[in-house]
Amino acid sequence: MNHPPPISKRVVVVGAGIAGLSAAIYAQRAGFDVTVLEKHVIPGGLCTSWTRKGYTFEGGMHWLTGSSEKLALNQIWKEVGALRKNNPIFIKDPFYTLVNGGKTLHLYRDADRLRAHFLEHAPEDAAAIRRLHRDICLFRGVHMIVSDIPFLKTRKAFRPSVSECLGMAPALLRLGALTNMTYADYVGMFKNSDIRHLLMAVNGTRYNALSLVYTLASFSTGDCGYPEGGSLRLTQNMTERLAELGGTLLLRQNVEKIIIENGKASGVTAGGKLYPADAVIVTQDTRQAIDTLFGAPFSERWASKMRKNVVSEQTMFVALGVKADLHDMPRAVILPLEKPFSAGGLEFGELRVNNYASYKGCAPEGSSCVTCLLLGDSWNFWKAAKEDGSYAAKKAELAERFTAVLSEYIPQVKGAVEVSDVATPLTYSRYCGVFEGGWMSVMGPGGKPYTYPSKSKTVRGLYFASQRTIVPGGLPIAVAAGRRAAQYVCRDNKVIF
């Protein structure tokens, strides 16, 4: 790959999550001298995994939007080096399998197969099943648009085609109705409890109905695969791409403040050291950064709007290392519960269990990793536990109760757990600096897909990029936000992107 000559201008990127690595790679590729400062001991931010006693727990990525080569977003993932030959895409199908006694119900990717399977399982729900099928088909043409900012000089332009836009038009017929409907009301169309349990486990239930339909439509197109090696390999690939381009990544560097002089961002301080810059790209969670990195809270109008509108989606993550071979189990199991499972002040009618027995390198020979996501607003519960000193005990109790319930459904787990681990919203906040430990932003019924600026309106040389810039966020928003911020840096400095 041919690269432009170096530019004698320094760019400092705050944070080495997906948005930070993306921004750094694109800015370095354009010729800037880029330094990335990351508070954690590894890059990746929320796109992360960790190891306990030989077990590796996938803590951040369960599917990747843009994994399909049919989408323009796939090219972005390849440009930043995230997808290479060393992490081929695995398409999990069925995506989930509900196990209820001797019965199973599968969430197949193919919409026609899903319809036929649901109709066989619950003929009493024929009308609701056909409605779901029509909605999935309507939204199969809907995907994230990749484009360039206005007036950018670029070697290779990204513009959506007319046919691409026309392919999304049919979805407009149902967009308003699904946006204004609650997730639970949509799933409530079904009389069959197995179908309800299966669909309730797909996304966080505080979202609107559109989130469910859009996700299932994405599955049906062949997108949303899982790159081999998961979060760690994906972020390591991006880190290597940055190094190949000549960029610098510094770990264990907790940024304390953005320095603003004479209306311009001139650098940052981390560990008491000043890092001068001609441009600063803040990729730490924007909702957190505007309150913590500027001395006084950042006061532009859009920042006030963000403080008012952001509702963070949080998760409790429970992981077990089991000395048992669970290859015969499905890769992702939905377990409907007779009695709700309580955690973090919330109750769950089903457990979504990921089984990594079939994934290479996740566990010692003959053993398996099992994880569970419990989505919902649990920040205040865990914050109060931290303050009253019961935090560690409540985490241990959660792991113990989860193990007991799982053992009822999967007998091999009983007495075979070698290691357990629980991450709460406070865990993600501590390691990743995210607002309320939130993974994404909730777009509830009637919610708007807010988009926030990538460039400060009052401070020259100051840019923002994180998954918070577009609701609801996630990995595709993060990689695109980093790219977009780098484009603004290029445009403002009259550099070809």
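The values are calculated or read from the model by the stated rules, or taken from the named source; none is laboratory data. These numbers were taken from a predicted model, which means no experiment stands behind them. Here the Cβ is made from the backbone with ideal geometry for all residues, glycine too, and neighbour counts use every protein chain on show. Note: accessible area is taken over every heavy atom of the protein model, side chains too, but ligands, DNA and RNA are not part of it. Shrake-Rupley method; radii C 1.70, N 1.55, O 1.52, S 1.80 Å.
Step by step: find N for the range 76-212, compute 2.2 N^0.38 Å, then divide the Cα radius of gyration by it. What's the final number? Present the calculation step by step, with values, prior to reporting the outcome.
Working: Rg = 18.6 Å, N = 137, 2.2 N^0.38 = 14.3 Å.
Expressed relative to 2.2 N^0.38 Å, the Cα Rg reads 1.30.
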Q: Kindly provide log₁₀ I(q)/I(0) values, in the same order as q = 0.13, 0.20, 0.25 Å⁻¹, from the Debye equation applied to equal alpha-carbon scatterers of the range 401-484.
A: -0.64, -0.96, -1.15
Q. With axes computed from alpha carbons, what is the tilt in degrees of helix 391-409 against the longest principal axis of the chain, rounded to the nearest 10 within 0 to 90?
A. 40
**Q.** 17 Å Cα-Cα reach of Lys448 towards aspartates and glutamates, excluding residues that sit fewer than 8 places from it in its own chain
**A.** Glu313
Q. Once the Cα atoms of helix 126-138 and of the chain are each reduced to a long axis, what angle between those two axes, in degrees from 0 to 90 to the nearest 10, is obtained?
A. 20
Q. In terms of modelled amide H atoms, which long-range or inter-chain residues lie less than 5 Å from the amide H of Val471?
A. Tyr450
Q) Considering only the other residues whose Cβ falls under 13 Å of the Cβ of Ala270, what net charge follows from Lys and Arg at +1 and Asp and Glu at -1? A) +2
Q | Compactness of the range 238-357, expressed as Rg and Dmax over alpha-carbon positions, Å | A | 22.1, 64
**Q.** Total lysine pairs whose alpha carbons fall under 30 Å of each other in the range 261-377 (8 or more apart, or interchain)
**A.** 5
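At a 1.4 Å probe radius, carbon and sulfur cover how many percent of the accessible area of the chain?
Carbon with sulfur: 53 percent of the solvent-accessible area.
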Q) For the chain, with every protein chain kept in place, what is the accessible area per residue (1.4 Å probe, Å²)? A) 42
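Are there chymotrypsin sites (Phe, Trp or Tyr not before Pro) in the range 269-338 that DSSP puts in a loop and that have at most 15 other Cβ atoms within 10 Å, and which ones?
When the chymotrypsin sites (Phe, Trp or Tyr not before Pro) of the range 269-338 are filtered for loop state and at most 15 Cβ neighbours within 10 Å, nothing remains.
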Q) Once Rh is set to the Kirkwood radius over Cα pairs, what Stokes-Einstein translational diffusion coefficient, in µm²/s, holds for the range 1-65 at a temperature of 10 °C and a viscosity of 1.306 mPa s? A) 117
Q) With no solvent and one point on each alpha carbon, what is the Debye value of log10 I(q)/I(0) for the chain at q = 0.08, 0.14 Å⁻¹? A) -0.49, -1.50
Q: Determine the alpha carbon to alpha carbon distance for each of Lys153/Lys457; Lys395/Lys455; Lys191/Lys395; Lys85/Lys156; Lys39/Lys395 and list only those over 28 Å.
A: Lys395/Lys455; Lys191/Lys395
Q: For Met189, Met238, Met443, write out the residues from largest to smallest accessible area, computed with a 1.4 angstrom probe and no ligands counted.
A: Met189, Met443, Met238
Q: For Phe90, list long-range residues whose amide hydrogen, built 1.01 Å from N in the peptide plane, is under 5 Å from its own amide hydrogen.
A: Tyr226, Glu228
Q: Please list, or write none, the aspartates and glutamates whose alpha carbon is within less than 13 Å of the alpha carbon of Lys9, excluding same-chain residues fewer than 8 places away.
A: Asp33, Asp278, Asp492
**Q.** Built amide H within the under 5 Å cut-off of Val282, gap 5+
**A.** Val14, Tyr463, Phe464, Ala465
